[in-house]
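A quick write-up on the structure given underneath.
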Amino acid sequence: MKKITAAILVSLIFFSCTMKNEINLEKDGSGTASVEINLKSFVLPTIEDLAEISPDVDPDEMLNPETIKAQMEENPEVRNVRASRPLKNRIKLSFDFGSVENLFNQAEDDVQNSGLIRIEESGDKMKLTLTVNKETYRGFSHLIPNMDDPTMAALAPDPDMVVEESEYLDMIEFFFGEDGPAGVMDSSLDMTINVNGTILDQKGGTKVDNNTVEFKVPLIRVLLLDTNLEYSVTYR
């Protein structure tokens, strides 16, 4: 029960939140980042109910800022981590990184070779590209916690299967209740990139000004892997 419940806790957080990221990017690919994770309203009550079934699992420890900070500091690319939980359903993080291209884990060749994040230099121009599709997902999927658990396996993207959106949302409702499908459809990865330079071009987002571009990645498209998601910014 402990393993299954732990996986459901991870699933709730992974599949039912809006994540806002702001990245300040230097020309060499280093920079700073701030992250705000907002859990959907149904998540915490569900976690508390599950904790009653399995008292060995402590949801507050899982959402403890110090625990999250310690996990992030294991990545050699990350430093100066600051973490807080100003509200029960909100977690805030900020940190510095040495290379956005190696941010997931510089020791993971699969991630580096997947093409998930690429930095290309051409003369005085730099181009950052984020690509999410079946091919890049294979490279980083093993970094998601509890991926070997049946609950996570059922809900996580599967590059080898075609799953209809309605079928997937039925599965979400089965696991998380009637509020689950709307929560997933309303969830996204929102990313603001500020460059130390001038933006020349962008793809997939909205240019705010000469230094800033905003991207909004719908979570359901990531979960289904039914389209090629590509976002980029070119600057100098």
- Which of the following residues is closer than 21 Å to Asp179 by Cβ and modelled with pLDDT under 60: Phe42, Phe14? Phe14
- Note on the structure: Filtering the stretch 133-155 for residues that are modelled with pLDDT under 70 and in a helix (DSSP H, G or I) leaves a count of 11
- Query: With Asp158, Asp170 as the choices, which residue is at pLDDT 90 or above and either open to solvent by 20 Å² or more (accessible area, probe 1.4 Å) or in a strand (DSSP E or B) (or both)?
  - Reply: Asp170
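The values are calculated or read from the model by the stated rules, or taken from the named source; none is laboratory data. Just so we're clear, the structure is a prediction, and the values are computed from it rather than from any experiment. Please note: Cβ atoms are built from the backbone with ideal geometry, for glycine as well, and neighbour counts cover all protein chains shown. Just the protein is used for accessible areas: all its heavy atoms, side chains included, with ligands, DNA and RNA removed. Shrake-Rupley method; radii C 1.70, N 1.55, O 1.52, S 1.80 Å.
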